[in-house]
Amino acid sequence: MDLQLAEKPPRRTVSSVNQHVLERLEDRLGRLHARQRLGIEADHEGQVFGQGLNYFHPENWYQSPWIVRTTLKATGLYWRARKNARNVQIRRHEIWFPTLPASFDGFTILHLSDLHVDISQAAMERLVGLLPSVRYDVCVLTGDYRGRTFGPFDAAIAGLERVRAHLSEPVFGVLGNHDTIRMVPALEDMGIRMLLNESEELIGGAERIHLVGIDDAHFYRVDNIEKAVSRVPVSEFSILLSHTPEIYRQAAHAGFDLLLSGHTHGGQLCLPGAIPITLDSVLPRRMGSGAWRYHEMVGYTSVGVGSSIVPVRLNCPPEITLHTLRCGF
């Protein structure tokens, strides 16, 4: 079978980016980070449409949705998989930390990941219906807002705006490997504080903890933990938001207490027993979904709200996660 891609768009370069967006990104992130990320994205699109190495990733094949649908229909699992993909569940996760400041005992974090809103409309409708029933202190989004890894993103922004209208403040986010940095101004305009190798203090009475976010470490590799923690005292409690859990070694040795991530979809199409066929990640399989620990750091990998390529799931239901932090062992 000859695999084909959509019609090749004009090659995007840093200089072709809307000047207002470029100026905002440079003011927000610094000239080096903004232009580095934009340049890598332009190279990525060139490789995809020029049929370089990235062409061979299933997410970039024009025929991939057809292949997935046809295979599932042949096995009689397609409609079940479609139904599963919109059945978003609320998972509750309680975590105990001996280092957590006492005033943050019971602090709740709503964790959403991998929405892929322009692919997963049914899941977004379910999500919007669930959100009013959930109470939390802070919401975090760990990346992959759009469906494809290239091309337009207007539909993703429009879909995310509808979700954002049902989220309570404050809301923080990081970018994933599907996201372009050109989305950042629109994301922040809708009230999502993006953390791109940056940190924010969360204040509780006379105490505080630190929320840190890094830029994508999976594909674009523009993560910079050293810069992100530059204002975080070593002895204070800190949480890292990263799209991918593959950064677990660096995060643990940097002293983070908690790592929240996504990216893997838990495999999305899994064998019975939630055994993933693939995780598209380089990490131990036990870190591919749910809670895990590495040295003194606790990690949680969300299986995500949306779906990649086609809105289908098997043995891996989509989720939003409500983390509750507790003081103690």
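Using only alpha carbon pairs under 8 Å that are at least six residues apart, calculate the relative contact order of the stretch 194-304 and give it in whole percent. Relative contact order of the stretch 194-304: 21 percent.
Along the stretch 162-171 the Karplus relation, 6.51 cos²θ - 1.76 cosθ + 1.60 evaluated at θ = phi - 60°, assigns HN-Hα couplings of 5, 5, 4, 4, 9, 9, 7, 6, x, 10 Hz to successive residues, with x for each Gly and Pro. Restricting the calculation to alpha carbons of the chain gives Rg and Dmax of 19.3, 64 angstrom. Given their separation in residues at 0.36 nm each and the Cα-Cα distance between them, Val282 and Leu130 gain 51.5 nm when the chain is fully extended.
Of the residues Val232, Ala42, His178, the one whose Cα sits farthest towards the positive end of the charge dipole of the chain is His178 (charges of +1 on Lys and Arg Cβ, -1 on Asp and Glu Cβ, taken about the Cα centre). Taking amide H positions as modeled 1.01 Å from N, with prolines and chain starts lacking one, the residues under 5 Å from Gly173 and 5 or more places away or on another chain are Leu141, Arg193, Met194, Leu195. Listed from fewest to most Cβ neighbours within 10 Å, the set Leu269, Leu175 follows the order Leu269, Leu175. Between Gly129, Gly273, Gly159, the Gaussian network model of the chain with springs among Cα atoms under 10 angstrom shows the greatest mean-square fluctuation at Gly273.
Considering only Phe150, Leu259, Phe107, whose Cα is most displaced toward the positive end of the charge dipole of the chain, charges sitting on Cβ of Lys, Arg (+1) and Asp, Glu (-1)? Of the candidates, Phe150 comes out farthest on the positive side. Using alpha carbons only, the radius of gyration of the stretch 172-329 set against its Kirkwood radius gives Rg/Rh = 0.97.
Between the amide H of Asp137 and those of Thr108, Ile109, Leu110, distances stay under 5 Å, these residues lying 5 or more places away or on another chain, with hydrogens modeled in the peptide plane. Taking R0 as 25 Å, what FRET efficiency do you get between Arg293 and Arg221 from their Cβ-Cβ distance, rounded to the nearest 0.05? E(calc), rounded to 0.05, equals 0.50. 3J(HN,Hα) along the stretch 291-307, derived from phi through the Karplus expression 6.51 cos²θ - 1.76 cosθ + 1.60 where θ = phi - 60°, amounts to 8, 7, 9, 9, 6, 8, 9, 8, x, 9, 10, 6, 7, x, 8, x, 10 Hz, with x in place of Gly and Pro. Phi angles of the stretch 76-88 translate, via the Karplus equation with coefficients 6.51, -1.76, 1.60 and θ = phi - 60°, into HN-Hα couplings of x, 10, 4, 5, 5, 5, 5, 4, 4, 5, 9, 8, 5 Hz per residue; Gly and Pro are given as x. In this structure, the amide hydrogen of His93, modeled 1.01 Å from its nitrogen in the peptide plane, lies closer than 5 angstrom to those of Leu322, His323, Thr324, counting only residues at least 5 positions away or on a different chain. Residues Ile239, Ile275, arranged from fewest to most other Cβ atoms within 10 angstrom of their Cβ, appear as Ile275, Ile239.
Explain nothing, just the number: dipole magnitude of the chain about its Cα centre with +1 on each Lys and Arg Cβ and -1 on each Asp and Glu Cβ, in debye rounded to the nearest 20. Show your work: numbers first, answer last.
Details: 34 positive and 36 negative charges, 215 e Å.
Rounded to the nearest 20 debye, it is 1040 debye.
Values quoted throughout were computed directly from the atomic coordinates according to the rules given, and no laboratory measurement underlies them. Worth saying up front: this structure is predicted, and the values here are computed from it rather than measured. Heads up, the Cβs are rebuilt from the backbone with ideal geometry, glycines too, and the neighbour counts pull from every protein chain shown.
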